[in-house]
Structure formats: C-alpha cells, structure tokens
Amino acid sequence: MRIRPISPERLVTELADRLAEQADTAAPGRLRVGVDGPGAARPEELAAALVDPLRARGRPVLHVRAENFLRPASVRLEHGRRNPDAYYEGWTDEAGLRREVLDPAGPGGSGRLLPSLWDATADRASRAAYVELPPGGVVLVSGPLLLGGGLPLDVTVHLLLSPAALHRRTDAEQQWTLPAFDRYAAEVAPASFADVVVRVDDPRHPALVEYAAPA
C-alpha cells in the first residue's frame, strides 16, 4: 500500500480523466459512480467538483445526492431522531435509488433518471422532473454509507477519515451518527474494496491510497 499526497485540484483532474475513460467502456450504457463518505468528508463537494470537468471531456453528467433519497420520516425516525442503528440500517431509500437512478442508468436502462425523490424537510415527495442522461453519460451518486447495500455501481470512490479526524470534523449536532460509521468501517470495510480510496483527514491535503498490483 502506498499513500500518495495529491492536491484537491489534481485529485479532481485525475478522477475526471479516469471516469471519462471508463465511460467509454460503459457505452451504450452509462457509468454509475458512487462517491461515498461521511458528511465530514464532504462527498457531495467532490462529486459536484467533477461535474464541469467531465462535461469538458464531452460527458453528460448528473449528480444525485443521497440526501434527496431519504425514507419518509415515519419510517426513518421510527426509533427516534438520533438512533445510530436506524441511521445505519435504513435512512437512505436504497430501493428508490436503484429504481429511479441506478437501474435506468445501467445496461439496457432507459436513461430516464430522477434526480430527487424525497424532500426530507417538507417530508413529502420532491416532485422533481425526470432527466434524460444519454448513453456514455456519467451519474454521480454522493452520500454516506453507500457501499454496504449492494447498490449497482460501476466505480466506487470512498473518502476515508481516521476515527480521530471523523470525530473532530463531525458537527456537534451530528456526533450521534458516529457509532453508525464505526459499524460501517467494521462490518463493510469500504476502504478494502472501493475502486478509489482518498484519505481526507485534512481536506486541503488529500492523499490517494494505492495498492500494489498482485504479482
């Protein structure tokens, strides 16, 4: 294993180059990318930063935030507003993500994707309009705890924080979620299989975790 320091700008450039190249092999389908990490790692910011560079490389792009695919409050908060096990096991509507985003973007899919399913603030359907993503396009799904449910993703990016950095950088009102991320690290171990692993203990100085190819 090698830790390669990289600037935030270079990280975006290298990821955009890799995704654009892999999108070539996904045709006539679309490339489905998961950008996974706790809120403290800001996965949505990395996904958003990739949109324009991918478009500059000729790739239609849709960025979907997992926070727009939460379950209704009656289901999500059944065991309380700060239950880390419920947060880990059932806050995100993974079935909705599959049905409305990942399956239509996959092989033989229609390319008709829904960018938002649920408005968690209003606790009702978001009533978003469907978006057509042409063949060869890229859909970026960002959010926490994405890699443990078998979502059909073609490329996975995991933003890794040490336990100390995760605790330090998590907002006080979100500290109750930390046991969920402890479970995720222990039970899923996303850093052991994600296609791209980026250490982000200091977001100004990320580092790629690179594994040597087997002999």
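Over the range 58-177, what is the relative contact order in percent, taking alpha-carbon pairs closer than 8 angstrom and at least six residues apart?
Reported relative contact order: 34 percent.
Give the accessible surface of the range 1-135 per residue, rounded to a whole number of Å², with probe radius 1.4 Å and ligands, DNA and RNA excluded.
Here the residues of the range 1-135 average 52 Å² of exposed surface.
State the Cα centre-to-centre distance between the range 88-106 and the range 123-156 in whole Å.
Computed from Cα coordinates, the inter-centre distance equals 7 Å.
First compute the accessible area of the range 16-63 with a 1.4 Å probe, then give the percent of it belonging to carbon and sulfur atoms.
46 percent
Take Glu14 and Tyr211, extend 7 Å from each Cα along the Cα→Cβ direction, and tell me the distance between the two endpoints in nm.
1.7 nm
Which residue, Phe181, Phe193, Phe69, tops the fluctuation ranking in a GNM of the chain built on C-alpha contacts under 10 Å?
Highest fluctuation among the options: Phe193.
Of the candidates Leu145, Leu31, Leu166, which one comes out as most mobile in a Gaussian network treatment of the chain with C-alpha springs shorter than 10 Å?
Leu166
Express the carbon and sulfur contribution to the solvent-accessible surface of the range 64-215 as a percent, rounded to the nearest whole number, probe 1.4 angstrom.
Working: 3950 of 7640 Å².
Reported share for carbon and sulfur atoms: 52 percent.
The values are calculated or read from the model by the stated rules, or taken from the named source; none is laboratory data. Computed from a predicted model, the values in this text were never measured in an experiment. Positions of Cβ are generated from backbone atoms using ideal geometry, with glycine treated the same way; all protein chains shown enter the neighbour counts. In case anyone asks, the SASA skips ligands and DNA or RNA and just uses the protein heavy atoms, side chains included. Shrake-Rupley method; radii C 1.70, N 1.55, O 1.52, S 1.80 Å.
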